[in-house]
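What follows is one structure encoded as structure tokens, with my remarks underneath.
The values are calculated or read from the model by the stated rules, or taken from the named source; none is laboratory data. The shown structure was predicted, so the numbers you read here are calculated from the model rather than taken from an experiment. Glycine also receives a Cβ, built like all others from the backbone with ideal geometry; neighbour counts cover every protein chain displayed. The accessibility values were calculated without ligands, DNA or RNA, using every heavy atom of the protein model including side chains. Shrake-Rupley method; radii C 1.70, N 1.55, O 1.52, S 1.80 Å.
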Amino acid sequence: MAEPKKPAESVSQETPAAGSLTNMKYKSIDRVSKMQTVGKVFAQIGLYTFLTVMAVVVLFPFYWMLISSLKSFNEYNSMKQTFWPRQIQWNNYAAVFANKDLNLGRLFLNTCIVGIVSTILSLIITVLSAYAFARMEFRGKNFLFGALLATMMIPGELFTVTNFLTVASIRNTYTVLIVPFLVSVFYIYLLRQNFMQIPNELYLAAKVDGTSDLKYLWKVMIPLAAPTLITITILKMMGAWNSYVWPNLVARDTMHTLITVGLRNAQFQIAGTQFVNYPVQMAAVVLVTIPLLLVFIFFRKYIMRGVSRSGIKG
Amino acid sequence: MQRTKGQKKNQWKAWLYLLPALALLAVFTVWPIINTIRMSLLKDYSIMAELSGTKFRFGFDNFVKVTRYPSFIKCLGNTMLLTVITVPVSTMLALLIAVALNSIKFLRRIFQTIFFLPYVTNAIAIGMVFMAMFDIIGGGPGIEPSSIGIINTIIKAFGGSPIKWVSTGSTKTANMAVLILYIIWNALPFKILVLLGGLQSVNKQYYEAAKVDGASRFRIFWRITVPLLSPMIAYVVITGFIGGFKEYSSVVGIFGEDMGPAHDPGRLNTMVGFIYENIKGNQGRASAAALILFAIILAVTIINLYVSKKKVHY
């Protein structure tokens, strides 16, 4: 009962401005605005309660992953679940790095090699094609661009069936992990849109100065499109980090396994039992998740841009 | 004369810029489309048989066989069920969260960041966290489990009784419930981002007019917010359906490659899972399934576009 009173007081402080009104009118307006303010406060309380509950649901798996990774196996594996580790067990993380079956160091290395090389090559290919589509004139340009966009409709699995056979002779190499995914029609589209926003006058001015196309691309277009290029870089690196299906099909040897595949297929059983050592497994999951969260914190703007752009096509 | 010469030179140059992209697309996009269709139309096709010189009869045999295959029907059923439940629920929830976020100021950025977090995480890794949260550790016929897991502990605290969600002996309904929860958790960020972006571009005057007319919050939501947001809602529904029919990683994240609990592997297999199951030995069947998946996605998209053309307010 105490809460609705507060806003009512603040309303009656504001209402003297309506002093010229008759008593009757004054009262009814006062009552309406009182009700409105009270309603507003309740609505705000409702909104914050709803958002807080949903936020807790969204955050809970992260929280559970973190605290589980710091519990001892006995504490985790007991009827009384604790919401904070009784004794923080950093050695779960040591156990992750010592897990020969997981071989986390190698997984990090493989994933970084594939991520960096495929990002660089993909950027070069994307910039060149986006430039051709945005600035150059050639016969069949619009048809070709339309055809490329149309391939985005087709589910990747349809390509995978054949690609799996195409790469049969080069399985378990970095090439097989990098090359099939170098061209992304979506990135070409994204960058082309960005290039088209750069005024043509700049290009003509550069031409008058005798600048070559490549130099213009390098000195003017790329710096101006830098935010889009950063977005592509981040999405591509995250792609290597998160990819599972293709690497799981074509590269399963130690030297080429990517991190997500390695994490999913590693054994975390306690020797000689059927018990999964969840604390150690959760520590491994934390180690795979943290880099993604760090990238998100530092490059939030660029990631959101890429995602929302993909949301509003055309 | 010179102009045409210059243009011709440019034409040649444009194709040069496009060469790397087009060459890769020819091998990894165009050829797969042709070859996957070819394989699907050859009776009992497999690469091993082809390499050993077998000739295949041409026809729709693979398609007929696949649609009569009980394991495919199960995959199709699972996929449909997941999609039909998760898309409306996640869209509705995302809409409510987006509207709530749009009507608060204090703490808005923090909430926005929290709700976006699931997007940047690894579907496989967090799937493993969901498994840990729902799993019952130990126990068996006549043996008390050593831990019932955090979700069951919470259920017990609210007076419910523990359920075998994912462990050996769990029911398919329980498995599906966990899977659906996880897919919705995963699907929210993208939908919230798109819908919130849409809400922020809605002209505030509509709301002010409605308030002057004394419309209730509920009425404003259904009569103003939903119609004005309908293009974004249509977009998240379409992408939701496409994503739903391609569901695979969430199942692998929680249940592993077995696609089900230990006592019934394959129970939760999906369309994409079916394709990958057959990709190594039975490419004819895999190709037919991939094309059926494509046809379903295309049909659902066209139906959605047709419905939204009638309902969407631009």
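Some points to look at:
- The single condition from (1) surrounded by 14 or more Cβ atoms within 10 Å (Cβ to Cβ); (2) under 26 Å from the mean Cα position of the chain (by Cα); (3) over 30 Å from B:Leu229 (Cβ atoms); (4) away from chain A (no Cβ under 12 Å) that B:Ala49 fails is (2).
- Taking the listed residues A:Leu149, A:Leu182, the one that is within 20 Å of A:Leu235 (Cβ to Cβ) and more than 8 Å from chain B (Cβ to nearest Cβ) is A:Leu149, with no other qualifying.
- Applying the condition of being within 12 Å of chain A (Cβ to nearest Cβ) and open to solvent by 40 Å² or more (accessible area, probe 1.4 Å) to the range B:213-225 and asking which residue is farthest from B:Pro189 (Cα to Cα) yields B:Gly214.
- Residues satisfying the stated conditions in the range A:61-77, i.e. within 8 Å of another protein chain (Cβ to nearest Cβ) and part of a helix (DSSP H, G or I): A:Pro61, A:Phe62, A:Trp64, A:Met65, A:Ser68, A:Tyr76
- Subset of the range B:226-261 (residues that are buried (at least 22 other Cβ atoms within 10 Å of the Cβ) and more than 13 Å from chain A (Cβ to nearest Cβ)): B:Pro261
- Matching residues, the range B:265-275, being without any contact (Cβ under 8 Å) to a residue 60 or more places away in the chain and either in contact with a Pro (Cβ under 7 Å, 6 or more places away or on another chain) or farther than 17 Å from B:Ile296 by Cβ (or both): B:Pro265
- Single residue of the range A:246-281 satisfying the filter (open to solvent by 30 Å² or more (accessible area, probe 1.4 Å) and part of a helix (DSSP H, G or I)) that is nearest to the other protein chains (Cβ to nearest Cβ): A:Arg264
- Residue in the range A:192-203 that is over 21 Å from the mean Cα position of the chain (by Cα), among the basic types (Lys, Arg) and at pLDDT 90 or above present: yes
- Single residue of the range B:276-310 satisfying the filter (hydroxyl-bearing (Ser, Thr, Tyr) and over 24 Å from B:Lys43 (Cβ atoms)) that is nearest to the other protein chains (Cβ to nearest Cβ): B:Thr301
- Matching entry among A:Leu121, A:Leu144, A:Leu109 (being in contact (Cβ under 8 Å) with a residue 60 or more places away in the chain and of a type outside the set (S, T, N, Q)): A:Leu121
- Of all residues making up the range B:83-112, the number that are open to solvent by 10 Å² or more (accessible area, probe 1.4 Å), without any contact (Cβ under 8 Å) to a residue 12 or more places away in the chain and either facing another protein chain (nearest Cβ under 7 Å) or within 25 Å of A:Val41 (Cβ to Cβ) (or both): 9
- Yes/no for B:Gly273 being of a type outside the set (Val, Ile, Thr), more than 11 Å from every other protein chain (Cβ to nearest Cβ), closer than 20 Å to B:Ala123 by Cα and in a helix (DSSP H, G or I): no
- Any chance A:Phe108 is assigned to a helix (DSSP H, G or I), open to solvent by 60 Å² or more (accessible area, probe 1.4 Å), touching a helix residue (DSSP H, G or I) at 6+ places or on another chain (Cβ under 8 Å) and among the aromatic types (Phe, Trp, Tyr): no
- The requirement of being open to solvent by 40 Å² or more (accessible area, probe 1.4 Å) and either in a loop (DSSP other than H, G, I, E, B) or among the hydrophobic types (A, V, I, L, M, F, W, C) (or both) is fulfilled somewhere in the range A:192-200, by at least one residue.
- Condition met for A:Asn248 (modelled with pLDDT of 90 or more, touching a Lys or Arg at 6+ places or on another chain (Cβ under 9 Å) and closer than 29 Å to A:Ser69 by Cβ): yes
- Restricting attention to the range B:197-206, the residues that are in contact (Cβ under 8 Å) with a residue 24 or more places away in the chain, surrounded by fewer than 22 Cβ atoms within 10 Å (Cβ to Cβ) and either over 19 Å from B:Arg217 (Cβ atoms) or at the interface with chain A (Cβ under 10 Å from one of its Cβ atoms) (or both) total 1.
- Test for B:Pro231: is it out of contact with any Pro (no Cβ under 7 Å at 6 or more places or on another chain), touching a residue at least 12 places away in the same chain (Cβ under 8 Å), assigned to a helix (DSSP H, G or I) and farther than 23 Å from A:Pro155 by Cβ: yes
- A:Gly210 vs. criteria assigned by TED's automatic domain parsing to the domain that holds A:Val127, in contact (Cβ under 8 Å) with a residue 24 or more places away in the chain and closer than 30 Å to A:Phe145 by Cα: no
- Lone qualifier among A:Ala226, A:Ala240 - being under 25 Å from the mean Cα position of the chain (by Cα), at pLDDT 90 or above and surrounded by fewer than 20 Cβ atoms within 10 Å (Cβ to Cβ): A:Ala226
- Subset of the range B:29-46 (residues that are crowded, with 18+ Cβ neighbours inside 10 Å and assigned to a helix (DSSP H, G or I)): B:Thr29, B:Pro32, B:Asn35, B:Thr36, B:Met39, B:Ser40
- Applying the condition of being within 8 Å of chain B (Cβ to nearest Cβ) and β-branched (Val, Ile, Thr) to the range A:282-305 and asking which residue is most open to solvent (accessible area, probe 1.4 Å) yields A:Val295.
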